[in-house]
1. Residues of segment 52-93 being closer than 14 Å to residue 188 by Cα and of a type in the set (A, V, I, L, M), which ones?
2. Residues in segment 199-221: is at least one closer than 21 Å to residue 28 by Cβ, of a type in the set (A, V, I, L, M) and not in a helix (DSSP H, G or I)?
3. Check 211, 195 and return the single one that is surrounded by fewer than 19 Cβ atoms within 10 Å (Cβ to Cβ) and of a type outside the set (D, E, K, R).
4. Search segment 122-146 for residues being farther than 21 Å from residue 52 by Cβ and among the polar types (S, T, N, Q), and hand back the single one that is most open to solvent (accessible area, probe 1.4 Å).
5. Could you check, for segment 190-199, whether at least one of its residues is among the acidic types (Asp, Glu), out of contact with any Cys (no Cβ under 7 Å at 6 or more places or on another chain) and more than 19 Å from residue 64 (Cα to Cα)?
6. Taking segment 214-234, which residues are of a type outside the set (A, V, I, L, M, F, W, C), open to solvent by less than 40 Å² (accessible area, probe 1.4 Å) and within 23 Å of the chain's Cα centre (by Cα)?
7. From the list 92, 117, 71, 126, pick out the single residue that is at pLDDT 90 or above, among the acidic types (Asp, Glu) and under 16 Å from residue 158 (Cα atoms).
8. Looking only at segment 86-95, decide whether some residue is buried (at least 17 other Cβ atoms within 10 Å of the Cβ) and small (Gly, Ala, Ser).
Amino acid sequence: QRQMCIRDSSSYLEDYFTEKGCSVLRVPSVLDNEELAPDLPVGLQSSAISVMYAGSPAVKDSLGVVLDSIDLLDRDVLGRISFSFYGVSEDDLLHYAKKGAALPTCVHAYGRVSRKDVIAALKNADFTILMRDPSMKFAQAGMPTKVTESLGCGTPVIANITSDLGEYLVDGLNSIVVRNFSAEACAFALERAASLSVADRSSMRREALKSMRCGLDYRVYSVALDEFLCGGGA
């Protein structure tokens, strides 16, 4: 019987390889919490909400849905949220936006930056945002490292559920779960974020970090991995 340890993966691939007769250990997208080591603020001071995205979207991350959702927000909500995009330029965002649409003044593109700068921005953001098309196989097969990294920085996530994210994201606790893959649902989630008090956001930051430490730090899986590799299977 073949052994297979699949990392940064999901139950979708676990089931696939199990059906092929493999002995499988699934390890989600894990990181070292101590490397991220966030300094959580005692209390956030600003009533404004900062939402960020970091990465190279290619076909994986649906920035078009995010930008369309921003267009649906009313002026009052837009006045309380700022959006920062790292890894993409303004021209990139215009490519993902509706044809001929200009970017709102609350949207800022920073292009490619160092990982150190991304982590610093993550720690200072109120939320990260990630939308993926659940009908695409890659969205179900792989678990996004972006989510683990965000939670490990104490930053809650705004995302729709793909892959095994439903095992780690709890709506209203460490995240705001987008109910479906649409600009309308994403806009509603952003409106919810904008309505949160400073105390609510501080609580969500603590829960985000706790959920990463308890379920997505590599140490959680070290014993199971060692037994799997040394014992001939799970």
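The values are calculated or read from the model by the stated rules, or taken from the named source; none is laboratory data. Note that this is a predicted model, so its numbers are computed, not measured. All Cβ positions, glycine included, derive from the backbone under ideal geometry; neighbour counts span all protein chains shown. All accessible areas refer to the heavy atoms of the entire protein, side chains included, with ligands and DNA or RNA removed. Shrake-Rupley method; radii C 1.70, N 1.55, O 1.52, S 1.80 Å.
1. Once the filter is applied, which keeps residues that are closer than 14 Å to residue 188 by Cα and of a type in the set (A, V, I, L, M), segment 52-93 yields 65, 66, 67, 70, 72, 73, 77, 78, 81.
2. Yes; the residues of segment 199-221 include at least one that is closer than 21 Å to residue 28 by Cβ, of a type in the set (A, V, I, L, M) and not in a helix (DSSP H, G or I).
3. Working: 211 fails: surrounded by fewer than 19 Cβ atoms within 10 Å (Cβ to Cβ).
On inspection, the qualifying residue turns out to be 195.
4. That would be 135.
5. At the first step, the residues of segment 190-199 found to be among the acidic types (Asp, Glu) are 191.
If we keep only those that are out of contact with any Cys (no Cβ under 7 Å at 6 or more places or on another chain) too, we end up with 191.
From what is left, the residues that are more than 19 Å from residue 64 (Cα to Cα) are none.
No, segment 190-199 contains no residue that is among the acidic types (Asp, Glu), out of contact with any Cys (no Cβ under 7 Å at 6 or more places or on another chain) and more than 19 Å from residue 64 (Cα to Cα).
6. Pass one, segment 214-234, residues of a type outside the set (A, V, I, L, M, F, W, C): 215, 217-219, 221-222, 226-227, 231-233.
If we keep only those that are open to solvent by less than 40 Å² (accessible area, probe 1.4 Å) as well, we get 215, 217, 233.
Residues satisfying the conditions are 215, 217.
7. On the way: 92 fails: under 16 Å from residue 158 (Cα atoms); 117 fails: under 16 Å from residue 158 (Cα atoms); 71 fails: under 16 Å from residue 158 (Cα atoms).
Just one listed residue meets the conditions, 126.
8. yes
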